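All of the numbers you see were taken from the coordinates with simple rules; none came from a lab. Because the structure is predicted, anything quoted here is derived from the model rather than measured. Here the Cβ positions follow ideal geometry from the backbone for every residue, glycine too, while neighbour counts run over all protein chains shown.
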Ligand SMILES: [Zn+2]
Ligand SMILES: [Zn+2]
């Protein structure tokens, strides 16, 4: 009951256009100690509640801490959870809130007296790097050796406070094994966008410095390789996360069954939750636990009188340090921070599914560059807001857009919808697809009523990269079919909107580009092509 009084319910405000802009402006200027949490609803949506920061921390501890953790472990995790929340506020900007209540962000449960006490004892304490909450991570169990971010998420930065180090505290726990049928594995790979007649064999092709699986060869599929993390994510999304708990595994095939034997749980980056629980049992302090997993980071504390003590929490007792320091460290929420700790422009909102989050920084950087680039080429102002939604599976993408998987990307209601990141990246199609859809976003106000070939032709022409969709990169035999005959006809709307195959779409794209380029080369402005 006490909690109800602290909870402001903010349901259903506008996500599009100026509605969100106002919402964000308001949040950034007002109470910075509230977290807008999106609670996943059975219908697939979110119910948004604004929770006081320390209430949020107490509730996440209930969701993320190891069972029966000692106070030192809970306090170390409380500081980690709080830092993570402040550094990742922009994460669900595309959905109209800060953080969700799922593993994607931090799991939120009902606080207990013990978790509330840990939140309160550390109230306001944050790990800082360069004067801002550090872009840190934590993991259920590193399995005996922590991992650097770039080994898990391509393109992520590797700051010195997230090293790969031996960790004897967790003793390599938990040990796990899983048997996955070849048919189920094929289903998981297909859902992630891999194609091919059938799975003939899967084997480990490379390991990272920490011993985790970096790359696997997947014979019979296209592309024929996948990273260890992407395999774990593909299986997790399709078959459940309980199978491949980490990428620290051995793999053997017995007939049609693949047997994974591994240890650890989660991505392995940053603080090891099981390891820190064990360290606390040995009498190690919260500060020493943090120093061990996040070497070089400082803890910034604020003084007493937190205006919003967590429910069940003891009365405020000041920590007696400078009040201004943490204030300075708080980020402007609407600006958000990438996981790499760099401030990102408020107007690029990226929605990423589970376990792709580490790539946010790289995606945002690339999108900002492409947006500036294309604005110059087109002679239009860069769009104030760009929203990118990467779908977790190809099915999900097809449902949301009504387009076939091999289209790679689609513009729906002014938002860029994209295939799973793993498959775009493995096809080398990520940058091209984002640029293509950005051109649509920027030219549709002028070209929206023209034939499809004009709109697609513009996107292909200005994206500036070979005009081919989907699987073609790894299928050189298909290339000749994509070269339009001289004086080929411009494609019809149906050819571009309801293509019957990858090849047919590639052919229609190539002709659209040809038709468009011909008029541009004759001196017509792109606005006048028809
Ligand atoms: Zn989330
Ligand atoms: Zn560990």
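The packing ranking, built from the mean of other Cβ atoms within 10 Å per residue, places the peptides 443-449, 113-119, 165-171 in the order 113-119, 165-171, 443-449, highest first.
Protection proxy ranking for 205-211, 193-199, using the average of other Cβ atoms within 10 Å per residue and placing the highest first: 193-199, 205-211. Normalised by 2.2 N^0.38 Å, where N is the number of residues, the alpha-carbon radius of gyration of segment 175-263 equals 0.96. Max-minus-min Cα coordinates of segment 347-443 on each principal axis give 36, 28, 22 Å, with the largest extent listed first. Report the normalised scattering of segment 68-158 as log10 I(q)/I(0) at q = 0.10, 0.18 Å⁻¹, calculated by the Debye formula with identical scatterers on the alpha carbons. The computed values of log10 I(q)/I(0) come out as -0.30, -1.00. The alpha carbon centroids of segment 347-388 and segment 65-114 are separated by 27 Å. Each peptide in 508-519, 489-500, 389-400 receives the mean, over its residues, of other Cβ atoms within 10 Å, and ordering these scores from highest gives 508-519, 389-400, 489-500. Each of 237, 200, 89 was scored by other Cβ atoms within 10 Å of its Cβ. Listed from fewest to most, they are 200, 237, 89. Subtracting the Cα-Cα distance of residue 488 and residue 400 from their residue separation scaled by 0.36 nm leaves 28.4 nm. Listed from fewest to most Cβ neighbours within 10 Å, the set 419, 438, 216 follows the order 216, 438, 419. Between residue 259 and residue 225, the simple spin-label model (points 7 angstrom out along Cα→Cβ) gives 2.8 nm. With contacts taken as Cα pairs under 8 Å and at least 6 residues apart, segment 175-263 reaches a relative contact order of 35 percent.
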